[in-house]
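Step one of this worksheet: look at the structure below.
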């Protein structure tokens, strides 16, 4: 997968960033995987990114967007109340890979959240791949925006990564290079009306995120995961889908649309959106399917959390979900 080029790319990037950003770049590089979707004839039909959040032996757990692995995602279909999530047919395979791996790893099992654009996938990586190459994939530590010791404010610096369709990384490249961007948080979205308009994406920022970076991480200056990227503000350019030129938050304005309709795309002046790690925790702990605790194939996908670092979330969660306090206590150390 063009290892020589990637080593040069990483060396150049790290040298240019300086010490603090060098460490952030390392964290992003070794925790951001590419997701590939292919049909029975090995034709690529889509791709995205995923963020490593936990591992247990050979098993690695990632969070990504539901729209990366589903054919249709109701969490993004803001106008259709009768929508149903649609999985791909059995002849479509989902793989996870990384530039430092020689193989693609089949995603045999995943879960997705019915009302949010989030999904959890697990793969098993053969550790023999690491015997000759000294690499280690380290999960990103989660960060709560409610953490009383680390209160996030607008204009805090953040960093994003993923595998975009971009100049130098075109669609015909099956194995894409990782891209990293930086910016600041522009706003936090709290009220229900605003959240309904953003499909419950609750962090707005200006670190460029393009098609293919859906499911990739948004980290803070400490390199901790504060959100999962997956939504861009729609431009007002015209498309075949809307002759008026307005496509605000329609399906064809979202990342990773599999529509055959062509869409003009302009990135000037846009905001980008992420689902916070707090929302991931909230949805996981209140999931009626009990996947986090009872599903043998996926349970344990969230890491243990330091209660002292999540005391703000702990207090908020117990105030709003007292019936789920035991679930949260099981997750804390």
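Highest average first, the peptides 198-208, 120-130, 178-188 ordered by how many other beta carbon atoms sit within 10 Å of their residues are 198-208, 178-188, 120-130.
Fully extending the segment from residue 45 to residue 295 would add 87.1 nm, taking 0.36 nm per residue of separation and subtracting the current Cα-Cα distance. The modelled label-to-label distance between residue 136 and residue 26, using points 7 Å beyond Cα along the C-beta direction, is 1.0 nm.
Taken together, the values in this text are just the output of simple stated rules run on the coordinates, not laboratory data. Quick caveat, the model's predicted, so the values are computed rather than measured. Don't worry about glycine lacking a Cβ; one is built from the backbone with ideal geometry, like all the others, and counts go over all protein chains shown.
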